[in-house]
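K.L.:
I'd like to ask some things about the structure below.
The values are calculated or read from the model by the stated rules, or taken from the named source; none is laboratory data. Predicted model only: the values in this text are computed from it and were never measured. In this analysis, Cβ positions are derived from the backbone assuming ideal geometry, glycine residues included, and neighbour counts consider all displayed protein chains. Each accessible area value is taken on the protein alone, full model and side chains, heavy atoms only, with ligands, DNA and RNA left out. Shrake-Rupley method; radii C 1.70, N 1.55, O 1.52, S 1.80 Å.
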Amino acid sequence: MAGEPRLICASADLAERGRGVRFEVEYFGERAPAFVVRFGGKVHGYLNRCAHVALELDWREGEFFDPDGRDLLCSTHGATYAAESGRCTGGPCGRKSLVKLKVAERDGSVYYLGCDDD
Ligand code: FES
């Protein structure tokens, strides 16, 4: 359900291609893990749920990027996703994508705006 923007973290908490920040959202009536990362200077948010098997991507909390800092990586079986779109770029995710969330950055803070079940 759409609501007020919800504060996730400070902008300074998200370095370019650095550690992500985890948070929770309500997705189709259930609590679900989510995360934000910074890539290309912009903040991108996704459900923390691999498209291969519904597991969280980060083996070590907040570590979402591959070693090159190029794609998002699922630690379990190595699926990779484009950081700006969530589209599968390799591994067992096939043609599936991460679920992208609506996030915004303003005045030094990052906010969650909602997801497509709104
Ligand atoms: S659960 Fe993510 S690649 Fe298998």
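K.L.:
In 10 Å bins starting at zero, report the fraction of Cα pairs in the chain per bin as a rounded %.
P.N.:
Result returned by the calculation: 15, 50, 31, 4.
K.L.:
Place a label point 7 angstrom from the Cα of SER11 along the Cα-to-Cβ direction, then list the residues of the stretch 18-62 whose backbone nitrogen is under 11 Å away.
P.N.:
Answer for this model: 42-43.
K.L.:
If you don't mind, another one. Return the carbon/sulfur percentage of the accessible area of the stretch 38-117, one whole number, probe 1.4 Å, all protein chains in place.
P.N.:
47 percent
K.L.:
Could I ask something else about it? Given a 1.4 angstrom probe, what's the average accessible area per residue across the chain, in square angstrom?
P.N.:
55 Å²
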